Amino acid sequence: MKHIKDILKQRALAQGKETERGELLRYFCAELNVSRVQDGLPKITIARMGYMLQGIPTKDLYYLQSVCKDAKNFSKKFWWEVKGKLKNGRGDR
C-alpha cells in the first residue's frame, strides 16, 4: 500500500503538467462553447476537441488561433478552417 505522501506528490505532479497543445484545446473549447450554449447545443469537451484536432500539428493550431481571433465570427471561422485542413490531407481523417 502506498503512503499518502506519495499519492499526493503524484497528484501534484500530474496537475502541474500542462502543455501548449492542452492550453490551445482549452482555449478553443472556451471560445466555441460560448456560442454553442447560446444555440442550445451541448458543450464540446476537451477530449472531443483533442480527437477532432489530433491530426493538426501544434504550429498550425497557433495559426488557427490567430485567424479565429481576427474573424468576426470565431465559431464559423474555426469550423471552416478545421474542415479545410482535414479535406486537404493535413489531418488524419
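The values are calculated or read from the model by the stated rules, or taken from the named source; none is laboratory data. Worth saying up front: this structure is predicted, and the values here are computed from it rather than measured. Here the Cβ is made from the backbone with ideal geometry for all residues, glycine too, and neighbour counts use every protein chain on show. Calculation scope for accessible area: heavy atoms of the full protein, side chains included, ligands and nucleic acids excluded. Shrake-Rupley method; radii C 1.70, N 1.55, O 1.52, S 1.80 Å.
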Selection from the range 40-70 of residues among the aromatic types (Phe, Trp, Tyr) and loosely packed, with under 12 Cβ neighbours inside 10 Å yields TYR51
Pairs returned, first residue in the range 39-59 that is closer than 11 Å to PHE28 by Cα and in a helix (DSSP H, G or I), second residue that is at pLDDT 90 or above and open to solvent by 90 Å² or more (accessible area, probe 1.4 Å), beta-carbon separation under 7 angstrom, 6 or more apart or interchain, are ILE46/ARG26
From the option list LEU32, LEU41, single residue qualifying as over 16 Å from PHE78 (Cα atoms) and of a type outside the set (Phe, Trp, Tyr) is LEU41
Filtering the range 60-78 down to residues that are assigned to a helix (DSSP H, G or I), of a type outside the set (S, T, N, Q) and out of contact with any helix residue (DSSP H, G or I) (no Cβ under 8 Å at 6 or more places or on another chain) yields TYR63, LYS69, ASP70, LYS76
